[in-house]
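> Have a look at the structure that comes next, please.
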Amino acid sequence: MEKLRHVISARQFDDPEYLNGLFDVANQMERDDVFRALTDPLRGRILATLFYEPSTRTRFSFEAAMQKLGGGVLTAENMRESSSATKGETIEDTIRIVSGYADAIAIRHYEQGTAEAAARISPVPVINAGDGVGEHPTQALTDVYTIRKELGRLSGLRVVLVGDLLNGRTIHSLLPLLALYKDVQVDLVSPWQLRLPLKHREYLLEKHVAFHESEKLDGLIEQADVLYITRVQKERFATVEEYDAVKDSYILDARMADRLKPEAIIMHALPRVNEISPEVDANARAAYFRQAKNGLYIRMALLKTLLA
């Protein structure tokens, strides 16, 4: 794998050994944070976070990561309505301007491909923090890091992905990373309307990843090492009626969670609506809040890699 310049797609991370190194850095960051031993390798550096779509975990974790490493942050949480975009400024011009103020840019945008377009003209590193229904590579890195921490391995897994696989950019980025490891089996569970796009299924075939599609979760829970639930994304539907038809397709409650193997984990990139009942939070298998915390350390590791 070539030295990182930008982080646009999970497919850039095609070397498991590189990932192991990145995860080791993230793990060290966590230990240093716990023991108040963090240094400030990014002192004097500035990260700009440009968010054209709402975010809590991703934006806050990027900003916290930069500050914990000694750097500063320029932040815009509602670029779609409170920036010069409302005056017609193009994304290219915005990037040209902001790159004069910041040493790196994390961008979330509602249009797929925007982060890639930004990277083509940016003189500073660009990190894709989610582009429409495209990708969310730093979330995928967080997810794989979480699986390694929780289960101690990344090979020989059965991963059950549930919910909105059509629009779920977290899933679109996770699958290429899972494909790097041996004997990984993937179950794709969704309503037919929210089926994983063909290009991602073709990628799994190309990489010889065993996968199975189903509209039913029954019979799969007991076999899962990782049960990854996704939110049905209301904002991606043309009508409320279309959303209402599928929004309650899968709801994980306490009784269902107890059917998982004792060592299995439940993941979710969050935010959740009703797809995981709050009563599941007390289950030791529920890893989604730990998963969110892991995102801080993964983004610290990435920022250090890009800027130190």
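> On the given criteria, is Glu77 touching a helix residue (DSSP H, G or I) at 6+ places or on another chain (Cβ under 6 Å) and either closer than 14 Å to His6 by Cβ or not polar (S, T, N, Q) (or both)?
On the way: touching a helix residue (DSSP H, G or I) at 6+ places or on another chain (Cβ under 6 Å): no; either closer than 14 Å to His6 by Cβ or not polar (S, T, N, Q) (or both): yes.
Considered against the rule, which asks whether it is touching a helix residue (DSSP H, G or I) at 6+ places or on another chain (Cβ under 6 Å) and either closer than 14 Å to His6 by Cβ or not polar (S, T, N, Q) (or both), Glu77 comes out as no.
> OK, next. Any chance you could count how many residues in the stretch 17-51 are over 19 Å from the mean Cα position of the chain (by Cα), polar (S, T, N, Q) and modelled with pLDDT of 95 or more?
1
> In the list Tyr203, Tyr228, Tyr181, which residue meets the criterion of being assigned to a loop (DSSP other than H, G, I, E, B), in the same structural domain as Leu157 (by TED's automatic domain parsing), of a type outside the set (Gly, Ala, Ser) and modelled with pLDDT of 95 or more? Don't jump to the end; show me each part of the working.
Details: Tyr203 fails: assigned to a loop (DSSP other than H, G, I, E, B); Tyr228 fails: assigned to a loop (DSSP other than H, G, I, E, B).
Step by step, each of Tyr203, Tyr228, Tyr181 is checked, and only Tyr181 is assigned to a loop (DSSP other than H, G, I, E, B), in the same structural domain as Leu157 (by TED's automatic domain parsing), of a type outside the set (Gly, Ala, Ser) and modelled with pLDDT of 95 or more.
> Follow-up. Any idea which of Arg59, Arg36, Arg31 is among the basic types (Lys, Arg) and touching a strand residue (DSSP E or B) at 6+ places or on another chain (Cβ under 6 Å)? Before the answer, list the steps.
On the way: Arg36 fails: touching a strand residue (DSSP E or B) at 6+ places or on another chain (Cβ under 6 Å); Arg31 fails: touching a strand residue (DSSP E or B) at 6+ places or on another chain (Cβ under 6 Å).
Residue meeting the stated conditions: Arg59.
> From Ile95, Ile171, Ile91, grab the single residue that is under 26 Å from Lys293 (Cβ atoms) and in contact (Cβ under 8 Å) with a residue 12 or more places away in the chain. If you could, list the steps in order and put the result at the bottom.
Values: Ile95 fails: under 26 Å from Lys293 (Cβ atoms); Ile91 fails: under 26 Å from Lys293 (Cβ atoms).
None of the other options fit; the residue is Ile171.
> Is there a residue in the stretch 120-132 that is under 25 Å from Tyr18 (Cα atoms), among the basic types (Lys, Arg) and assigned by TED's automatic domain parsing to the domain that holds Leu227? Give the steps one after another, and end with the answer.
Taking the stretch 120-132 first, the residues under 25 Å from Tyr18 (Cα atoms) are 120, 122-131.
Adding the requirement that they be among the basic types (Lys, Arg) leaves 120.
Next, only the ones that are assigned by TED's automatic domain parsing to the domain that holds Leu227 stay: none.
Within the stretch 120-132, none of the residues are under 25 Å from Tyr18 (Cα atoms), among the basic types (Lys, Arg) and assigned by TED's automatic domain parsing to the domain that holds Leu227.
> Another one. Suppose the filter is within 20 Å of His172 (Cβ to Cβ) and touching a strand residue (DSSP E or B) at 6+ places or on another chain (Cβ under 6 Å); does Leu217 pass it? Full working, then the answer.
On the way: within 20 Å of His172 (Cβ to Cβ): no; touching a strand residue (DSSP E or B) at 6+ places or on another chain (Cβ under 6 Å): yes.
The answer is no for Leu217.
For every residue, the table says whether it meets (1) surrounded by 18 or more Cβ atoms within 10 Å (Cβ to Cβ); (2) closer than 21 Å to Gln233 by Cβ; (3) not polar (S, T, N, Q).
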residue	(1), (2), (3)
Glu53	yes, yes, yes
Phe60	no, yes, yes
Glu63	yes, no, yes
Ser84	no, no, no
Lys87	no, no, yes
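> Right, another one. Out of everything in the stretch 239-257 that is β-branched (Val, Ile, Thr) and assigned to a loop (DSSP other than H, G, I, E, B), what residue ends up being surrounded by the most Cβ atoms within 10 Å (Cβ to Cβ)? Break it down stepwise before answering.
From the stretch 239-257, those β-branched (Val, Ile, Thr) are 239-240, 246, 251; that's our starting set.
From what is left, the residues that are assigned to a loop (DSSP other than H, G, I, E, B) are 239, 246, 251.
Details: Thr239: 8, Val246: 18, Ile251: 14.
By that ranking, first place goes to Val246.
The values are calculated or read from the model by the stated rules, or taken from the named source; none is laboratory data. Just so we're clear, the structure is a prediction, and the values are computed from it rather than from any experiment. A quick note on method: Cβ atoms are made from the backbone with ideal geometry, for glycine too, and the neighbour counts reach across all protein chains shown.
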